[in-house]
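None of the figures in this text is laboratory data; all of them are computed from the coordinates on show. Small disclaimer: the values here were computed from a predicted structure and weren't measured. Cβ atoms come from the backbone with ideal geometry, glycine included; neighbour counts cover every protein chain shown.
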Amino acid sequence: MQSSVTPGFQQPNQSQSFYKVLSARVNDYFKKNKVQKTGNWALYSKAILLWSLYAATYVHLIFFTPHVVFAILESVLLGVVTAAIGFNVMHDGGHGSFSNSKFWNNVAAYSVNLLGGSMLMWSNKHNVVHHTFTNITGVDDDINIQPLARMGETQKRYFFHRFQHIYIWFLYGLLLFSWVLYTDYIKYFTNKVGPVKLKKLSALNHFGFWTMKVVYVFLMVVLPIYMVGAIPWLVGFSIVLFVSGLILSVVFQLAHVVEHTNFPVATQPSNNIENEWAIHQLETTANFATKNKVISWFVGGLNFQVEHHLFPQISHVHYPEISKIIKSTCKEFNVRYNEYSRMTSALASHFRHLRKMGMAN
């Protein structure tokens with residue numbers, strides 16, 4: 001997928017390709033252990049639990065009108081569960097790794113439409129662009145918060161970026177507001193994700209996009225206002241979107257925007273990245289808190305972001321095991337494997353990186 005704006009990657013010598021060796025070893029693990037690469041009942045039961053909790057909390061907020069204190073707490077919970085569904089259900093489904101059934105993968109993936117997003121737009125932004133051109137300025141939409149923030153040295157610096165490590169946390173909370181109310185429509189009407197054009201949308205794509213947007217507006221705006229009133233709805237809706245947006249943003253930024261990740265620039269005039277694609281993924285991605293089972297459970301294994309970027313079609317339930325193979329192969333090929341032992345260490349690194357990017361060069 002290379003155009004005048006999207007760079008290519010170095011083509012490795014196939015007999016010595018890091019990714020060829022790594023893929024063979026990972027595939028061998030699944031064959032020897034007779035394990036499917038997709039999800040299992042640990043994932044399916046989690047999906048049922050999360051969606052049940054979401055539905056129960058939503059119904060209680062809308063139809064049983066809890067006291068204001070409980071309503072606020074339940075709105076926070078709804079925001080947390082929204083993020084958890086995105087991490088665990090939608091994300092695996094969107095990559096085709098939730099199940100070995102195409103039907104259930106689609107059910108899991110398109111569940112994001114009930115949360116306000118568009119799977120159609122997300123799959124282009126995330127699967128196609130972000131997973132191919134990770135941390136490449138001007139292409140990877142995930143690091144484009146310009147001019148509000150400067151994520152890497154390749155982006156333009158403005159004077160107010162010197163404070164970005166302080167105000168960025170509020171901006172992160174606005175992610176879902178932006179996604180649900182603005183960016184999906186920009187992608188739809190421009191037919192692009194950043195500089196990358198979308199594939200031509202079918203009549204069914206158009207119908208599905210608008211139908212689910214109307215359903216979301218009815219469930220999250222019209223019905224709540226009718227049941228509880230405009231002001232309580234506005235407060236609750238804002239809490240849900242801010243909490244979920246903050247969690248989603250932080251988890252994904254810790255995976256790519258920290259001190260030890262790179263923001264590569266293509267060499268010109270060939271417009272090529274100097275590394276093969278797999279090495280590029282390792283240099284632009286980092287893990288965090290991989291020994292923390294609670295964090296791993298909640299974020300759907302996305303703290304194993306290295307494993308996810310190298311093998312996005314393998315379900316996150318397998319990341320702890322294949323991480324051992326990837327680490328040893330990286331050591332053998334002398335390839336850097338970025339990892340922070342604790343989430344607090346990754347947060348501190350993200351903070352320091354943002355502060356550095358905000359300073360004058």
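General observations
- Rounded to whole numbers, the Karplus 3J(HN,Hα) couplings from phi for segment 120-132 are 4, 6, 5, 5, 6, 5, 8, 5, 7, 7, 4, 6, 8 Hz, using 6.51 cos²θ - 1.76 cosθ + 1.60 with θ = phi - 60°, and x at Gly and Pro.
- Dividing the Cα radius of gyration of segment 62-158 by its Kirkwood radius returns 1.11 for Rg/Rh.
- Dipole axis of the chain (+1 Lys, Arg; -1 Asp, Glu on Cβ), positive-most option in 137, 58, 282: 282
- Folded to 0 to 90 degrees: helix 203-217 orientation relative to the chain principal axis, Cα: 50
- J(HN,Hα) series, segment 314-330, from Karplus relation 6.51 cos²θ - 1.76 cosθ + 1.60, nearest Hz, glycine and proline x: 9, 4, 5, 5, 9, 4, x, 6, 6, 5, 5, 5, 5, 4, 5, 5, 4
- When the listed pairs 34/327; 46/197; 46/327; 102/187; 156/331 are checked against a 32 Å cut-off, the alpha-carbon distance exceeds it for 46/197; 156/331.
- Residue 339 long-range amide H proximity, modeled H, under 5 Å: 287
- Cut-off 9 Å between beta-carbons: net charge of the residues surrounding residue 116, Lys and Arg +1, Asp and Glu -1: 0
- Span from the segment 29-94 Cα centroid across to the segment 244-316 one, whole angstrom: 23
- For the chain, built as a Gaussian network whose Cα springs stay under 10 Å, the top-fluctuating residue of 137, 65, 82: 65
- Against the chain, whose longest principal axis is taken from its Cα atoms, helix 41-63 shows a tilt of about 30°.
- Using θ = phi - 60° in the Karplus curve 6.51 cos²θ - 1.76 cosθ + 1.60, the 3J(HN,Hα) couplings for segment 155-171 round to 9, 5, 9, 10, 4, 6, 5, 5, 10, 5, 5, 9, 8, 4, 5, 5, 4 Hz; x is entered for Gly and Pro.
- Distance in nm between pseudo-label sites at residue 185 and residue 325 (7 Å out along the Cβ direction from Cα): 4.6
- Scanning residues 5 or more positions from residue 9 or on other chains, those with amide H under 5 Å from its amide H are 273, with H placed 1.01 Å from N in the peptide plane.
- Gain upon complete extension [residue 197, residue 31; 0.36 nm per residue less C-alpha separation]: 56.0 nm
- Contour minus Cα-Cα distance for residue 100 and residue 359 (0.36 nm per residue): 88.4 nm
- Modelled FRET efficiency - R0 35 Å, residue 148 with residue 40, Cβ distances, 0.05 increments: 0.30
- Extension gain, residue 226 back to residue 352 (0.36 nm per residue minus Cα-Cα distance, nm): 40.8 nm
- The angle separating the long axis of helix 68-85 from the principal Cα axis of greatest extent in the chain is about 30 degrees.
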